[in-house]
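Undergrad: I'd like to ask you about the structure that follows.
The values are calculated or read from the model by the stated rules, or taken from the named source; none is laboratory data. As the structure is a prediction and not an experimental result, all values here were calculated from the model. Every residue, glycine among them, receives a Cβ derived from its backbone with ideal geometry; neighbour counts consider all protein chains shown. Note: accessible area is taken over every heavy atom of the protein model, side chains too, but ligands, DNA and RNA are not part of it. Shrake-Rupley method; radii C 1.70, N 1.55, O 1.52, S 1.80 Å.
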Amino acid sequence: QVQLVESGGGLVQAGGSLRLSCAASGRTFSTYVMGWFRQAPGKERDFVAAISGSGVNIYYADSVKGRFTISRDNAKNTVYLQMISLEPEDTAVYYCAADRYIATIKWSTMTPGSWGQGTQVTVSS
């Protein structure tokens, strides 16, 4: 349905910042709820944040609330994840996701229909 490509991952020191980007294909980007998940080695994939098509509704996992900010630029078909005060526990592969119908508040318990390939974020102590 929609192709997603993440970028912006890398190595950063604890306490540092990083901004991830997710570029989406198609002409109907503004109709998709967008979000981010992450998966550490040997662990399950966890929800991080979601944002509605208009950007009005936003929902964060408790573990990142106050440190991460999700945003989108519909003119550029791009969603962002600004991460500050990074901790070693934030180390994971971060995945961008999209869905036409799952409300932001439900993203922690439901699985979106489209996924990107993931980008590695490593936070050193």
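Undergrad: With the requirement that a residue be in contact (Cβ under 8 Å) with a residue 60 or more places away in the chain and among the polar types (S, T, N, Q), what does the stretch 77-93 give you?
TA: Gln82, Ser85
Undergrad: Let me ask something else about it. It is to be established whether one or more residues within the stretch 40-48 are under 18 Å from Gly116 (Cα atoms), within 15 Å of the chain's Cα centre (by Cα) and not hydrophobic (A, V, I, L, M, F, W, C).
TA: yes
Undergrad: Further question on the same structure: Which residue out of Thr111, Thr78, Thr104, Thr119 is more than 17 Å from Ser7 (Cα to Cα), open to solvent by less than 30 Å² (accessible area, probe 1.4 Å) and under 15 Å from the mean Cα position of the chain (by Cα)?
TA: On inspection, the qualifying residue turns out to be Thr104.
Each row is one residue, and each column tells you yes or no for (1) charged (D, E, K, R); (2) under 27 Å from Val123 (Cβ atoms).
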site: Gly8; (1), (2): no, yes
site: Leu11; (1), (2): no, yes
site: Met34; (1), (2): no, yes
site: Arg45; (1), (2): yes, yes
site: Ala49; (1), (2): no, yes
site: Gly53; (1), (2): no, no
site: Thr69; (1), (2): no, yes
site: Asn77; (1), (2): no, no
site: Ala92; (1), (2): no, yes
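Undergrad: Something else: Would you mind telling me which numbered condition in (1) under 18 Å from Ser17 (Cα atoms); (2) open to solvent by less than 40 Å² (accessible area, probe 1.4 Å) Ser71 fails?
TA: The one condition Ser71 does not meet is (2).
Undergrad: Taking the stretch 1-20 on its own, how many of its residues are among the charged types (D, E, K, R) and open to solvent by 30 Å² or more (accessible area, probe 1.4 Å)?
TA: 1
Undergrad: Residue check, Asp62 against (1) of a type outside the set (S, T, N, Q); (2) surrounded by fewer than 13 Cβ atoms within 10 Å (Cβ to Cβ); (3) touching a residue at least 24 places away in the same chain (Cβ under 8 Å), all met but one. Which one?
TA: All conditions pass for Asp62, except number (3).
Undergrad: Next up: Within the stretch 21-29, identify whether any single residue is farther than 17 Å from Gln3 by Cα and open to solvent by less than 30 Å² (accessible area, probe 1.4 Å), and answer yes or no.
TA: no
Undergrad: Considering the stretch 81-101 alone, what residues qualify as being open to solvent by less than 20 Å² (accessible area, probe 1.4 Å) and of a type in the set (Asp, Glu)?
TA: Asp90
Undergrad: Also, I was wondering about something else. Output the residue which, of all residues in the stretch 30-45 that are touching a Ser or Thr at 6+ places or on another chain (Cβ under 8 Å) and either open to solvent by 70 Å² or more (accessible area, probe 1.4 Å) or assigned to a strand (DSSP E or B) (or both), is farthest from Ile102 (Cα to Cα).
TA: Looking at the filtered set, the residue picked out is Gly35.
Undergrad: Only one of these conditions is not met by Gly53: (1) in a loop (DSSP other than H, G, I, E, B); (2) closer than 19 Å to Gln1 by Cα; (3) open to solvent by 40 Å² or more (accessible area, probe 1.4 Å). Which number is it?
TA: Of everything listed in (1) in a loop (DSSP other than H, G, I, E, B); (2) closer than 19 Å to Gln1 by Cα; (3) open to solvent by 40 Å² or more (accessible area, probe 1.4 Å), Gly53 misses just condition (3).
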